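Asks: I'd like to ask you about the structure that follows.
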Amino acid sequence: MKGRRWRGDSGQAFPIYITVVGGLLFLAFAYLAVGQAAANRNHAQTAADAAALAAAQETRDDLADAWLGDVLDPTKWQDIFDGNAPAIGSACWRAQELAAMNDSEAECAPDGLLAYEVTATTNDTVGDSIVPGTEGMRSQERARAVIEPRCTFELPGEDAGDDVLPGLSCDGENWELDPEDLTELPDPEDLFDVHLAD
């Protein structure tokens, strides 16, 4: 009698065991699908961040070059620090280049004179998962990078003469500029800060 009861209990437990194992496998596949989607989103965000920063840094370098070109004419400095320099176009091409290096596509647009908005879409899809219809989906994320001038200055008075350049104060670092000796000049990163913003 005891032996028969044990075999009967074993028969009842087997379907429960199968159900539990099946549920655990389903959960494992579900977590895998979520992980795939999260990894793809992270890839898209990384591509968007890198692309936006690349465009902003390209414009920062162009603005720094414009400042160097007009370093002897301080009346033009403020326009350059405000991003309003002639012959400087959009650097969205740089964003698209960086996105391609990250296996993504980028839609880029300047946001005023000193910022870029980028939407990156991954070339890779989420892949096969237990969620129907998601295998062909690509992740898409946005990023915005801004360029901020770091320097302030005061134009010299009219009696100072044309050969006097104002000093630059760049986030606590002071640059005394000698028009006769312009070998020590700020680098682009001294003149402008580039960072991601909301």
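Please treat every number below as a calculation from the coordinates, not as lab data. Since this is a predicted model, take the numbers as computed values, not measurements. When we count neighbours, we look across all protein chains shown, and the Cβ atoms used for this are built from the backbone with ideal geometry, even at glycine.
Asks: Order the peptides 81-94, 108-121 from the highest to the lowest mean number of other Cβ atoms within 10 Å of their residues.
Replies: Numbers: 81-94: 16.0, 108-121: 19.7.
So the peptides 81-94, 108-121, ranked by packing, come out 108-121, 81-94.
Asks: Sorted from fewest to most neighbouring beta carbons within 10 Å, what does the list 98, 165, 182 look like?
Replies: Values: 98 25, 165 21, 182 12.
Ascending number of Cβ neighbours within 10 Å: 182, 165, 98.
Asks: Using the Karplus curve 6.51 cos²θ - 1.76 cosθ + 1.60 with θ = phi - 60°, work out ³J(HN,Hα) for each residue of the range 101-116 in order, rounded to whole Hz, and write x for Gly and Pro.
Replies: Going residue by residue, I get 5, 9, 6, 9, 10, 10, 9, 10, 8, x, 10, x, 8, 10, 7, 9 Hz, with x marking Gly and Pro.
Asks: Enumerate the calculated ³J(HN,Hα) couplings along the range 86-93 in order (Karplus 6.51 cos²θ - 1.76 cosθ + 1.60, θ = phi - 60°), each rounded to whole Hz, writing x wherever the residue is Gly or Pro.
Replies: Those phi angles translate into x, 6, 10, x, 5, 9, 4, 4 Hz.
Asks: Near the amide H of residue 150, under 5 Å away, which other amide H atoms are found, from residues 5 or more places off or on another chain, if H is placed in the peptide plane?
Replies: Amide H neighbours of residue 150, under 5 Å, 5+ apart: 192, 193.
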